[in-house]
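Quick notes on the structure that follows.
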């Protein structure tokens with residue numbers, strides 16, 4: 001028995017016309033840093049307690065808040081994703097909301113000087129909701145992400 005020759009035919013090959021999605025996520029070091037900060041807070045609260053139960057209690061309370069924040073980063077690290085059909089944003093603690101391009105009214109970057117530093121926030125205005133993303137949510141600069149979102153939107157409109 002011989003090997004069969006590959007079958008060839010004339011005509012176009014059906015290739016996917018949609019481009020893959022791009023996503024932005026929280027850098028992995030950030031939740032680790034939050035958890036380490038919580039541990040250090042509890043240790044400092046215990047070391048500086050000097051018989052006062054309020055100091056370690058406050059340290060544990062703040063550490064629990066940091067731990068919850070870190071858990072959110074670990075459970076839902078992807079904050080924003082884009083594909084030709086629209087964007088998917090994080091909603092609530094770890095939920096997701098799909099926004100089509102028609103539902104998005106504006107994509108802007110709010111840049112302001114604060115305390116001697118320049119901060120940028122990506123704003124996605126969906127009419128009924130405003131979604132805000134900072135550099136630490138995206139793992140990239142908000143202006144760069146906004147440019148990518150607009151480029152994908154423009155390509156999908158063609």
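Derivation of every value follows stated rules applied to the coordinates shown; laboratory data play no part. Source: prediction; values computed, not measured. Don't worry about glycine lacking a Cβ; one is built from the backbone with ideal geometry, like all the others, and counts go over all protein chains shown.
Please give the helix 54-75 orientation as an angle from the longest Cα principal axis of the chain, in degrees from 0 to 90, rounded to the nearest 10.
Relative to the chain, helix 54-75 is tipped by roughly 0 degrees.
Name the most mobile residue of 115, 55, 106, meaning the one with the largest mean-square fluctuation, in a Gaussian network model of the chain with Cα contacts below 10 Å.
Highest fluctuation among the options: 115.
Given a 10 angstrom Cα cut-off, can you work out which residue in 101, 69, 24 is the most mobile in a GNM of the chain?
69
Hey, with R₀ at 30 Å, roughly what FRET efficiency would residue 36 and residue 153 work out to, going by the Cβ-Cβ distance, to 0.05?
Working from the Cβ atoms, E equals 0.20.
Once the Cα gyration tensor of the chain is diagonalised, what are the square roots of 5 times its eigenvalues, in whole Å and ordered largest first, as equivalent ellipsoid semi-axes?
44, 24, 13
Given springs between every Cα pair under 10 Å in a Gaussian network model of the chain, which of 61, 99, 117 has the largest fluctuation?
So, out of 61, 99, 117, the one fluctuating most is 117.
If each DSSP helix of 4+ residues adds -39,500 (n - 2.57) and the sum is divided by the residues in the chain, what number results at 222 nm, nearest 500 deg cm²/dmol?
Computed mean residue ellipticity for the chain: -12500 deg cm²/dmol.
Provide the descending list of Cα extents for region 26-77 along its principal axes, expressed in whole angstroms.
Sorted largest first, the three principal extents are 40, 14, 8 Å.
How far is the Cα center of region 88-158 from the Cα center of region 33-69, in Å?
For region 88-158 versus region 33-69, the Cα centre distance is 34 Å.
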